[in-house]
1. Rg to Rh for the stretch 64-163: what is it, with Cα atoms only and Rh by Kirkwood?
2. Which value, in debye to the nearest 20, describes the size of the charge dipole of the stretch 113-183 about its Cα centre when Lys and Arg Cβ atoms bear +1, Asp and Glu Cβ atoms bear -1, and nothing else is charged?
3. For the ranges 99-110, 154-165, what's the packing order if you count other beta-carbon atoms within 10 Å of each residue, average per peptide, and put the highest first?
4. What translational D, rounded to a whole number of µm²/s, comes out for the stretch 76-134 from Stokes-Einstein when the hydrodynamic radius is the Kirkwood one over Cα pairs, at 25 °C and 0.890 mPa s?
Amino acid sequence: MTKFRTVSGVLSLACGALATSVSAQDIAPQAITLIEGVLFTGEGGVELLSAEDSNRSVVRFWRPIQFTKNEQAIGGRMECRAAAERAPIRATWDDHAAIYEAENKQGSLGDFTEIDTRFNGDGTISRFDVLGRRSDPLRYEVRSYIAVRTGAELVNIRETCQFLRDGQIARQNFFQYVDHHTSFVLALAPPAEADPAAAPSLDTLTEIPS
């Protein structure tokens with residue numbers, strides 16, 4: 001779920017406000033700036049892992065998760081990493097599926113097995129999420145690819161969340177936990193060019209390590 005609004009010429013975005021049955025486990029959110037104009041917030045522990053330069057930081061997020069009995073899992077842990085980076089605008093700026101497929105072909109995703117995907121976008125902001133499974137130990141993972149057109153450039157955001165638990169954990173709609181417990185708040189200038197294909201472009205796929 002992605003919501004955005006424009007206030008006094010500044011683009012503001014919140015990815016992930018979703019009311020679910022986990023609301024009883026709410027924890028006061030903490031926030032860390034990834035890059036200027038991009039804030040990561042999480043309802044749990046948030047830690048800055050690196051800030052090698054002014055262009056990119058990586059944050060780690062974690063929290064305990066307790067599912068209801070009907071959701072088949074009691075107890076567990078949610079762990080996420082997120083990063084953001086500025087890049088030149090390109091004609092394929094919102095083709096996240098191609099980036100994901102390229103990572104698969106390169107073998108950089110390891111034993112990740114895809115289960116489900118979702119996409120939403122509006123011409124300025126786009127988001128592609130992939131739910132998958134890993135083994136040894138069994139765990140589920142949500143990989144999020146987000147792009148925002150701002151000014152004359154692009155802001156790429158990546159988030160990876162894993163759901164860990166001793167023993168077996170049943171497959172669920174883990175998208176909702178990412179939506180509920182993490183979000184990105186943006187304060188960025190609106191894109192200068194209405195048509196992204198008309199903007200100066202480096203038509204390459206950019207991967208952000210996280």
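1. 1.03
2. Once rounded to the nearest 20, the dipole reads 100 debye.
3. Put in order of decreasing packing, that is 154-165, 99-110.
4. For the chosen part, D equals 182 µm²/s.
Only the coordinates and a few stated rules stand behind these numbers; no lab work does. Small disclaimer: the values here were computed from a predicted structure and weren't measured. We place every Cβ from the backbone using ideal geometry, glycine too, and count neighbours over all the protein chains shown.
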